[in-house]
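S.K.: This is the structure I have questions about; it appears just below.
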Amino acid sequence: MDRKVKEQKRHQQKHSGPKAEKKKLKKQGGSTEEDERKRNPKAFAVQSAVRMARTFHRAQDIKTKKHHIPLVDRSPLEPPPVVVVVVGPPKVGKSTLIRCLIKNFTRQKLGDICGPVTIVSGKKRRLTFMECNNDINTMIDLAKVADLVLMLIDASFGFEMETFEFLNICQVHGFPRIMGVLTHLDSFKNNKALRKTKKNLKHRFWTEVYQGAKLFYLSGMVHGEYQNQEVKNLGRFISVMKFRPLVWQTSHPYVLVDRMEDLTDPERVRTDPKCDRTVSLYGYLRGTYLKSKGHVHIPGVGDFQVESVNFLPDPCPLPDAQKKRALNEKERLLYAPMAGVGGVVYDKDAVYIDLPANHVNQPQEEVRPTTELVQSLIDTHATLDAKMAASKVSLFSGSATLDPTDIEQQSGEEEGPHEKLVWDPTTQRERRMVVFTEEEEDGDVSSSSDSEDSDQEEQEQEEDSDEDNFATFFKEARAKSEKTEENLTSSAPPVKKQKLEIRKGEKETVGEVLVFADSEDDLEMSEEETEEEGEAGRAGDSGHCSEEEVAENDDEQFEDESVGEEYGAAETVVKCEEGEQGALRWKEGLKQKASEAFLRQQEAAPNLRKLVYSSVVEVGDSDGEEEELGGLFRVIRPQKSKRFQADALDCSRFNPDPCHNWDEEEVLNSIRDCFVTGKWDKSQDAATLLKEDEELYGDFEDLETGEIYKAQRGQQDQAESSEHSEDDDEHEAEESLMKQDEEEVQKNKRLEKKRRLKERFDAEYDDGDATYFDDLKEEMQKQAQLNRAEFEDVDDETRVQYEGFRPGMYVRLEIFSLPCEFVTNFDPHYPIILGSLGSSEGNLGYLQMRLKKHRWYERILKTRDPLILSLGWRRFQTIPLYHIEDHNGRHRLLKYTPQHMYCGASIWGPITPQGTGFLAVAGTKANFRIAATGVILDLDKSVTVVKKLKLIGYPYKIFKNTCFIKGMFNTVLEVAKFEGASVRTVSGIRGQIKKALATPPGAYRATFEDRLLMSDIVFLRSWFPVSVPQLYNPVTSLLLPVGQKDSWAGMRTLGQLKHDLGIRNKPNTDSLYKSVVRAQRRFNPLHIPKDLQKALPFKSKPKQQQPKGKVSRDLQRPSVIREPHERKVAALLHALGMVHNHKRKAAHLVQHAKHKEFLQQKEKQEEAKLKRQKEARKKLYRIMGQRDQKKHRSSLKGAPQDD
């Protein structure tokens, strides 16, 4: 049978009634709660004052717990990228997670994760990902600079020791934001086990971090990557995460290095490979402002002086501020130089080019010319001077070539260009400007910055008249094109334009750069004009971008097309003899191309300023101004020559622009405000200004003539009344309307003034709901606004000189005298951090610390054992002394750290601010590598650590209570230091040192409370000051070879040395545990004088008791010896007694069992008896109750009672 599934009846929503009304109100944004409060106020009244007070107190407690101490927000407007450190044990999925997050944010794949990877994650946030390997040194360094920690946990295995080690490191150095990520969840086949594991791991994670810490679950992998939705959710959390400023990071500038270059002279490295290196390090500045010429510490290397600091253009800039929901492909930047991502990087001292350019999504046609130029640069073997000396110039095909010597002879006595060093603030380096000699002649070029002008002049002298006329015609066209705006198209492929920075004060920047082309012919065919905005319009240059900027402008489309034909005739072509020998194609159809270009320029938008004033004023352009692009190419601008101006077109000729149709209303409205009849602002309206003048001046009298002048409005009214009497009514209506408008304006002004006064009064005298915390926050916000507004309008060059390099800048630090191992053993997987040091943090001194051994570390710590400390930016080895403070303020030395309590520690190390946390690290072989934690207390040597010293002596002469003691000291001087000190014997008799004796040396006289014996031992308890060992051994782990950076070994302990050298320690015999054999001491009998005996009571008097003698033989009882028959009788009686005793015991047991059974039966009988009695009582009580009820009923009826 076919059973049809019965459809469920759909729910029909109500369109009327109270529920429907409520829903409508809710949709409209209204609330019915206020109406309900008005209708039934008792329902919303306080039911219990106590409960309400508790609720209020609890809400206030929760609110107060969320408060932090407000700190001044010193974060810059463009903050540096957020440092996201991915931590976890090996093989837990750190690299995979970073790759997935990078792919999620930038749509790009990255292979090996080497060094920091910086990406743009949003409109206002950038992220720097850094992978933390299993090295304890890397964990310590990255915990100091991390803003966010992604802690990966293998759910199939559980927590590993690396996770807890990193958490303890973070607790000491400032706790960043931590998010847990569970991986390997796909290994669970049972959902119940998965849920239980998640719960256990979550609660344990909450215990270590804080209650409610975020824990993400990555359920599984698809094609070697995590699922897109889970990675996207994790990325969203990272993008909106807020961070609490950490004290150490906000008080110290630091740089997480993402690029390192060796600047050492190669010749010096070749002659001495072990020489110190000069290195430039790059990265985003974080923390606070960095001063130049300061000291920095590189963890794992040491302290160094910074030679120079420069700020560079941001390699991974934030997108432009515009309202949009997401980033486009061009703005999804990725910057990871150590991982091979970065393209062409221009620097102060070099150009670094990444040839493959795999990360750039651009067609091969655009990459090819750049790559060929780079290949030609790489393959070259001769210097540029040698090539120029050997090169020859051919102006036209078939013409004779010109040598440089010929050109020098023809030029006569003209001087060549000379060099001028100019500091460029944009690129932060000295640039070599070419300065040309200027010769002003009539009809010649006044100042030439381009070699093509001089070549063309020589060409004009040598060539025939036809070519001369043609060149003159073309120059006219080009002079015109340099002054006008061009939107031209050609058949050449489009080449992207070079972005030029427009500095403040400059209206226009004109520059030409070389074109990266396949050949010299293509070079000429692919020129393009650069569009520049300025007061004079647009000036034409052929701008072409480098590979780095092609990568930046990957998705950008430009309006201008490539135009190069009209420049073909003016460009000179330099041929090297070893170059290609091919016919030039630029002369083909030359006249036709020039005429077409000339006509197009005539049709283009004219420059009205030039037509009216015959000149264009270019602000900020100097005659000899030149510009370098990226430190590689020089921009040479053609000068406006007198001959060009003389041969230019008539300035009075004007071609009207056909693009504007003046019959249309929209076009007329666009320029209506340029005329008096247009709509003006109130402050610029003519009628308003006249009215203000009337109010200001009004009627006045001319004192010379005596004439009285009325207000202008009155004069106008009189004139109008005399001239236009018929319009009086209209003007009166207009005046009344104007008066009403004025009254309205004045009324609004008065109301606004009252409102402002009331607000000011309320702010002064009404506290409102503002608390002290709110006032403190407001004060901090005002301070932050003041800090930002101070240098807001100052350019970066001046600002850096006053406040230093601000956080968020991409800086370049040059450091001299770095060890060569830093460069030769460089490994990008290990982070390089430049931590700036304060004014006193570079000095060494004594530090007093409070220290506690970690409860998970197996062994207790021993005094004078070398220990590796992480303090501030540094990791170093030192020798601590542990001590504890007694009740009298004495700091007593401890041999070992106490188990579960704090103790003091004194070390010799770098001066670090008080309150800075530190941690002690044990060897890499330990199960848990964090040995101890603590905090800095003092920075001086005010604490004197003392240890107990017992000096022992023996009496050698006794005179009643005075003794001579020897063996405690060696000289008379030592005794003199201890005169008056208290001594004591082992038996407890106290004494005092009086004076030294002449012989033997070191002996002294002492007095005691009682007479000593020769067998007594006298000891002196003293406290001896202990000096702190001065050992500061920085951990230079980054100088070790690749693969051995976690095997740094410093000073070994005494136990390790003996173990490694196989030395067996010979113990002190006095320190061994052995059975104590004491000789029995015999004391003299107690002697009591007779006078004292008489005074004693009888019981205390010694009794003269006679000692008991031996018992005489006759009083001793003789022993009985039995006969054999008697022995048999005694044995029989003994056996019978045993049998009788056994029977009696058995009968007793039987009797006991019977008695027990009897007691049980009796107990049962008692229970039955009690049960019967209970039933009888119940029956009796029931009868009595019925009788009482019957009596009660009869009494209610009023019946007579017989009883």
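S.K.: Answer with yes or no whether THR128 is β-branched (Val, Ile, Thr), within 22 Å of the chain's Cα centre (by Cα) and assigned to a strand (DSSP E or B). Show your work before the answer.
M.R.: Working: β-branched (Val, Ile, Thr): yes; within 22 Å of the chain's Cα centre (by Cα): yes; assigned to a strand (DSSP E or B): yes.
Yes; evaluated as a whole, the condition is true for this residue.
S.K.: For the range 767-815, how many residues are within 30 Å of SER308 (Cβ to Cβ), charged (D, E, K, R) and in contact with a Pro (Cβ under 9 Å, 6 or more places away or on another chain)?
M.R.: So the count comes out to 5.
S.K.: Still on this structure, please answer the following. Can you confirm whether HIS900 is open to solvent by 20 Å² or more (accessible area, probe 1.4 Å) and either within 13 Å of MET849 (Cα to Cα) or out of contact with any helix residue (DSSP H, G or I) (no Cβ under 7 Å at 6 or more places or on another chain) (or both)?
M.R.: Details: open to solvent by 20 Å² or more (accessible area, probe 1.4 Å): yes; either within 13 Å of MET849 (Cα to Cα) or out of contact with any helix residue (DSSP H, G or I) (no Cβ under 7 Å at 6 or more places or on another chain) (or both): yes.
It is true that HIS900 is open to solvent by 20 Å² or more (accessible area, probe 1.4 Å) and either within 13 Å of MET849 (Cα to Cα) or out of contact with any helix residue (DSSP H, G or I) (no Cβ under 7 Å at 6 or more places or on another chain) (or both).
S.K.: Quick test of your reading of the structure: PRO807 fulfils all but one of (1) outside the structural domain of LYS293 (by the TED database); (2) modelled with pLDDT of 80 or more. Name the failing condition by number.
M.R.: Evaluating PRO807 over (1) outside the structural domain of LYS293 (by the TED database); (2) modelled with pLDDT of 80 or more leaves (1) as the failure.
S.K.: When the residues of the range 1015-1053 are filtered to those that are of a type in the set (Val, Ile, Thr) and farther than 30 Å from LYS950 by Cβ, which remaining residue is farthest from the chain's Cα centre (by Cα)? Give the steps one after another, and end with the answer.
M.R.: Step one: filter the range 1015-1053 for residues of a type in the set (Val, Ile, Thr), giving 1017-1018, 1026, 1028, 1035-1036, 1042, 1053.
Among the residues that remain, those that are also farther than 30 Å from LYS950 by Cβ are: 1035-1036, 1042.
On the way: VAL1035: 23, THR1036: 24, VAL1042: 27 Å.
Checking each candidate, the answer is VAL1042.
S.K.: Can you find a residue in the range 74-85 that is without any contact (Cβ under 8 Å) to a residue 60 or more places away in the chain and touching a Phe, Trp or Tyr at 6+ places or on another chain (Cβ under 9 Å)? Step through it out loud before you land on a result.
M.R.: The initial filter retains those residues of the range 74-85 that are without any contact (Cβ under 8 Å) to a residue 60 or more places away in the chain, namely none.
Among the residues of the range 74-85, not one is without any contact (Cβ under 8 Å) to a residue 60 or more places away in the chain and touching a Phe, Trp or Tyr at 6+ places or on another chain (Cβ under 9 Å), which makes the answer no.
S.K.: State all residues of the range 826-841 that are open to solvent by 30 Å² or more (accessible area, probe 1.4 Å) and farther than 14 Å from VAL257 by Cα; if no residue qualifies, say none.
M.R.: Residues satisfying the conditions are GLY838, SER839, SER840.
S.K.: Find all pairs meeting these conditions: Cβ atoms under 7 angstrom apart; at least six residues apart or on different chains; first residue within the range 31-43 and of a type in the set (D, E, K, R); second residue modelled with pLDDT of 80 or more.
M.R.: ARG37/PHE44
S.K.: Quick check on the range 909-916. Is at least one of its residues more than 25 Å from SER836 (Cβ to Cβ), assigned by the TED database to the domain that holds LEU871 and either at pLDDT 95 or above or surrounded by 14 or more Cβ atoms within 10 Å (Cβ to Cβ) (or both)?
M.R.: Initially, the range 909-916 is screened for residues more than 25 Å from SER836 (Cβ to Cβ), giving none.
No, every residue in the range 909-916 fails to be more than 25 Å from SER836 (Cβ to Cβ), assigned by the TED database to the domain that holds LEU871 and either at pLDDT 95 or above or surrounded by 14 or more Cβ atoms within 10 Å (Cβ to Cβ) (or both).
S.K.: If I ask for residues that are open to solvent by less than 100 Å² (accessible area, probe 1.4 Å) and among the charged types (D, E, K, R), which ones from the range 884-897 would you list?
M.R.: Keep residues of the range 884-897 that are open to solvent by less than 100 Å² (accessible area, probe 1.4 Å), which gives 884, 886, 888-894, 896-897.
Selection gives ASP886, ARG890, ARG892.
Yes/no per residue for (1) at pLDDT 80 or above; (2) over 59 Å from the mean Cα position of the chain (by Cα); (3) loosely packed, with under 10 Cβ neighbours inside 10 Å:
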residue	(1), (2), (3)
GLU726	no, yes, yes
GLU743	yes, yes, no
ARG755	yes, no, no
PHE761	no, no, no
ASP769	no, no, yes
LYS782	yes, no, no
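S.K.: Test TYR284 against the stated conditions and say whether it is outside any helix (DSSP H, G or I) and without any contact (Cβ under 8 Å) to a residue 12 or more places away in the chain.
M.R.: no
S.K.: Return the residue satisfying two criteria in turn: it lies in the range 95-116 and is out of contact with any Ser or Thr (no Cβ under 7 Å at 6 or more places or on another chain) and not in a helix (DSSP H, G or I), and of such residues it is most open to solvent (accessible area, probe 1.4 Å). Give the steps one after another, and end with the answer.
M.R.: To start, the set of residues in the range 95-116 that are out of contact with any Ser or Thr (no Cβ under 7 Å at 6 or more places or on another chain) comprises 95-104, 106-112, 114-115.
Narrowing the set further to residues that are not in a helix (DSSP H, G or I) leaves 107-112, 114-115.
Details: ARG107: 127, GLN108: 29, LYS109: 158, LEU110: 16, GLY111: 50, ASP112: 90, CYS114: 14, GLY115: 4 Å².
So, considering only residues that are out of contact with any Ser or Thr (no Cβ under 7 Å at 6 or more places or on another chain) and not in a helix (DSSP H, G or I), the one most open to solvent (accessible area, probe 1.4 Å) is LYS109.
S.K.: Could you list, in sequence order, the residues of the range 273-307 that are in contact with a Cys (Cβ under 9 Å, 6 or more places away or on another chain) and open to solvent by 50 Å² or more (accessible area, probe 1.4 Å)?
M.R.: PRO273, LYS274, ASP276
S.K.: Please verify whether GLN1056 is surrounded by 10 or more Cβ atoms within 10 Å (Cβ to Cβ), modelled with pLDDT under 90 and either assigned by the TED database to the domain that holds GLU974 or under 46 Å from the mean Cα position of the chain (by Cα) (or both), treating the condition exactly as stated. Outline the logic, then answer.
M.R.: Working: surrounded by 10 or more Cβ atoms within 10 Å (Cβ to Cβ): yes; modelled with pLDDT under 90: yes; either assigned by the TED database to the domain that holds GLU974 or under 46 Å from the mean Cα position of the chain (by Cα) (or both): yes.
It is true that GLN1056 is surrounded by 10 or more Cβ atoms within 10 Å (Cβ to Cβ), modelled with pLDDT under 90 and either assigned by the TED database to the domain that holds GLU974 or under 46 Å from the mean Cα position of the chain (by Cα) (or both).
Each row is one residue, and each column tells you yes or no for (1) modelled with pLDDT of 90 or more; (2) charged (D, E, K, R).
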position: THR64; (1), (2): no, no
position: VAL83; (1), (2): yes, no
position: GLY88; (1), (2): yes, no
position: GLY93; (1), (2): yes, no
position: ILE98; (1), (2): yes, no
position: PRO116; (1), (2): yes, no
position: LYS124; (1), (2): no, yes
position: MET130; (1), (2): yes, no
position: ILE136; (1), (2): yes, no
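S.K.: Quick one: in the range 930-974, which of the residues that are part of a strand (DSSP E or B) and small (Gly, Ala, Ser) is most open to solvent (accessible area, probe 1.4 Å)?
M.R.: If we filter the range 930-974 for residues that are part of a strand (DSSP E or B), which is where we start, we get 930-938, 945-959, 962-966.
Checking the rest, the ones that are also small (Gly, Ala, Ser) come to 931-932, 934, 953.
On the way: ALA931: 0, ALA932: 0, GLY934: 18, GLY953: 0 Å².
If we take residues in the range 930-974 being part of a strand (DSSP E or B) and small (Gly, Ala, Ser), then GLY934 is most open to solvent (accessible area, probe 1.4 Å).
S.K.: Considering only residues that are assigned to a loop (DSSP other than H, G, I, E, B), farther than 30 Å from SER906 by Cβ and of a type outside the set (Val, Ile, Thr), look in the range 820-855 and name the one that is nearest to the chain's Cα centre (by Cα).
M.R.: From the range 820-855, those assigned to a loop (DSSP other than H, G, I, E, B) are 825-832, 837-843, 854-855; that's our starting set.
Applying the additional criterion that residues be farther than 30 Å from SER906 by Cβ yields 825-832.
When the remaining residues are screened for being of a type outside the set (Val, Ile, Thr), the result is 825-831.
Details: ASN825: 27, PHE826: 24, ASP827: 22, PRO828: 19, HIS829: 19, TYR830: 17, PRO831: 14 Å.
For the range 820-855, the residue satisfying everything is PRO831.
S.K.: Still on this structure, I have one more. Please work out if SER870 is in contact with a Pro (Cβ under 8 Å, 6 or more places away or on another chain), buried (at least 17 other Cβ atoms within 10 Å of the Cβ) and in a strand (DSSP E or B). Outline the logic, then answer.
M.R.: Numbers: in contact with a Pro (Cβ under 8 Å, 6 or more places away or on another chain): no; buried (at least 17 other Cβ atoms within 10 Å of the Cβ): yes; in a strand (DSSP E or B): yes.
Against the criterion (in contact with a Pro (Cβ under 8 Å, 6 or more places away or on another chain), buried (at least 17 other Cβ atoms within 10 Å of the Cβ) and in a strand (DSSP E or B)), SER870 does not qualify.
S.K.: Return yes or no: is THR264 outside any helix (DSSP H, G or I), surrounded by 15 or more Cβ atoms within 10 Å (Cβ to Cβ) and polar (S, T, N, Q)?
M.R.: Values: outside any helix (DSSP H, G or I): yes; surrounded by 15 or more Cβ atoms within 10 Å (Cβ to Cβ): yes; polar (S, T, N, Q): yes.
Here the answer is yes, as THR264 does meet what is asked.
S.K.: Restricting to the range 1066-1103, count the residues that are open to solvent by 100 Å² or more (accessible area, probe 1.4 Å), more than 30 Å from LEU1013 (Cβ to Cβ) and assigned to a loop (DSSP other than H, G, I, E, B).
M.R.: 1
The values are calculated or read from the model by the stated rules, or taken from the named source; none is laboratory data. None of these values were measured; they are calculated from a predicted model. Glycine also receives a Cβ, built like all others from the backbone with ideal geometry; neighbour counts cover every protein chain displayed. Areas reflect the complete protein model, heavy atoms only, side chains present, ligands, DNA and RNA absent. Shrake-Rupley method; radii C 1.70, N 1.55, O 1.52, S 1.80 Å.
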